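We did not get these values from a lab; they are worked out from the coordinates using the rules stated. Note that the structure is a prediction, hence the values are computed from the model and not measured. Glycine gets a Cβ as well: all are built from the backbone with ideal geometry, and neighbour counts include every protein chain shown.
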Amino acid sequence: MHLDALLILAIGLGLLHFGFPLAYYCYLRMLWLNKPWDVRGDSDYKPRVSIIVPTYNEAKLVRQKLDDIASQSYPEDLVEIIVVDSASTDGTAEVVKEWIADHRDVRTKLIQENVRRGKAHALNRALEATMGDVVVITDVDSAWASRDTLASALSWFSDPLVGAVTCLKIPAGRGFVGVEKGYRDLYNVVRLCESKKYSTPVFHGELAAFRRDLLVQLGGFPTDIGADDSHTATLIALKGYKAITVDNATCRELVPGKEYHVWRIRRAQHLIQHFTKAMKLLPKAPREFKPILLAETWLHLFNPWLLLVATVILLYKALTGTAIATIVLVAGIALFLFKPYRTWIVTQIYLITGTIRNLWTKEIAWKKQEKS
Ligand code: GDD
Ligand code: MN
């Protein structure tokens, strides 16, 4: 009798683990994906913008990144670029200095930190030097999909309620692009729908734009956790502004050819740090944001563990001769043929591993993965 209760518990946990995200996804997709925005971008709105490019050992990619920014259609006199380098050892700063010398027409500044204390720390140094109405952060290993990406993203700030804007993401490069694409297809839809409903608590370093005065009010980016972009966006949404993924700005991000798993686990660690901190602010969330933040906190911090517990129980039951447990496990393995399921399970493994790794390292100044 006791053992049967265990089996029921395992199946119940499994159903909850898969059922909740599936219901959340279907709800968002059906109700929100095709809804019109309640905020509107005005393409004539042209705020002054400070683009911060954080660099750590990016000598190979930084020139291309700066070229990409300089080729944007946005009026040059409204743009300043601030590269902030944290003691790179591969000559990044020298490459940036050469680029600046070759592009006197582009207002660009290089800030050099003597010691590497992580991306957020560097962003805060750069923030002090910014003059724009909007501050855009962009990672070196990313590219904006078109010449108009910056203009499109900034146009949303014409609505005074919009406090932060981020892009949709497409993976690029060689290596694990297929796996990464499966993951992105799913999450782009979720982020977009959350944004139409109110705001999304997950932002992307490829293009994360913030109203400067809000950043100043917040005292800059948090340096005690890794997901500086997502956490800052969430704090802005908690203040009652909108922090949104928009559908007219897309970025490509290079996926590492090697150490893909290390990369994914570190990013999972950062998101877990972010939601652990954000969870404490849930009671203060605006009414429309609360269910989104609650759902995402559940999905990142708690839901993965249901799968682990259910699997362990099923394995135990299967090994002790319960046929139903074996059937459920075999079905669970057979489903690996189905790509979204595969993507999902792999993501759960990253989240569980990330939670465990967070016990001894926060990865604030992380190891760079080679992108090609
Ligand atoms: N100045 C400075 N100092 N820049 C840094 C440092 C640092 O200590 N560490 C990393 N960077 C720069 C990189 O050179 C790159 O331009 C950008 O920050 C992102 O670093 P990546 O190594 O490409 O990290 P990622 O793409 O895997 O990280 C993503 O997830 C993080 C959260 O997990 C990005 O979206 C980050 O923005 C995000 O914080
Ligand atoms: Mn990156």
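Per-residue answers, yes or no, for (1) in contact (Cβ under 8 Å) with a residue 40 or more places away in the chain; (2) surrounded by fewer than 16 Cβ atoms within 10 Å (Cβ to Cβ); (3) in contact with a helix residue (DSSP H, G or I) (Cβ under 6 Å, 6 or more places away or on another chain); (4) acidic (Asp, Glu):
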site	(1), (2), (3), (4)
30	no, yes, no, no
38	yes, yes, no, yes
42	yes, yes, yes, yes
48	yes, no, yes, no
53	yes, no, no, no
62	yes, no, yes, no
67	no, yes, no, yes
72	yes, no, yes, no
Discussion item. For the stretch 318-357: of the residues being among the polar types (S, T, N, Q) and outside any helix (DSSP H, G or I), which is surrounded by the most Cβ atoms within 10 Å (Cβ to Cβ)?
Written reply: 322
Practice prompt. Determine which member of the set 233, 278, 249 is over 23 Å from residue 69 (Cα atoms) and crowded, with 21+ Cβ neighbours inside 10 Å.
Written response: 278
Item to complete: Scan 191, 264, 212 and give me the residue that is closer than 23 Å to residue 353 by Cα and among the basic types (Lys, Arg).
Response: 264
Worksheet item: Can you find even one residue in the stretch 290-304 that is within 30 Å of residue 61 (Cα to Cα) and in a helix (DSSP H, G or I)?
Response: no
Item to complete: Residue by residue through the stretch 108-136, note down the ones that are touching a residue at least 40 places away in the same chain (Cβ under 8 Å) and among the hydrophobic types (A, V, I, L, M, F, W, C).
Response: 120, 122, 123, 126, 127, 129, 131, 134, 135, 136
Worksheet item: Of the residues that make up the stretch 61-84, is at least one part of a loop (DSSP other than H, G, I, E, B), within 16 Å of ligand 1 (Cβ to nearest atom) and closer than 30 Å to residue 185 by Cβ?
Response: yes
Worksheet item: Where in the stretch 179-281 are the helices (runs of 4 or more DSSP H), entirely inside, with at least 2 residues that are within 15 Å of ligand 2 (Cβ to nearest atom) and charged (D, E, K, R)?
Response: 228-238, 260-279
Worksheet item: What about residue 174, is it within 16 Å of ligand 2 (Cβ to nearest atom) and free of Cβ contacts under 8 Å to residues at least 60 places away in the same chain?
Response: no
Item to complete: Restrict the check to the stretch 91-108 and report whether at least one residue is within 11 Å of ligand 1 (Cβ to nearest atom) and touching an Asp or Glu at 6+ places or on another chain (Cβ under 7 Å).
Response: yes
Item to complete: Kindly indicate which of 151, 122, 101, 126 is out of contact with any helix residue (DSSP H, G or I) (no Cβ under 8 Å at 6 or more places or on another chain), surrounded by fewer than 17 Cβ atoms within 10 Å (Cβ to Cβ) and over 19 Å from residue 264 (Cβ atoms).
Response: 101
Practice prompt. Determine which single condition residue 306 fails, assuming it passes every other condition in (1) aliphatic (A, V, I, L, M); (2) out of contact with any helix residue (DSSP H, G or I) (no Cβ under 7 Å at 6 or more places or on another chain); (3) more than 13 Å from ligand 1 (Cβ to nearest atom).
Written response: (2)
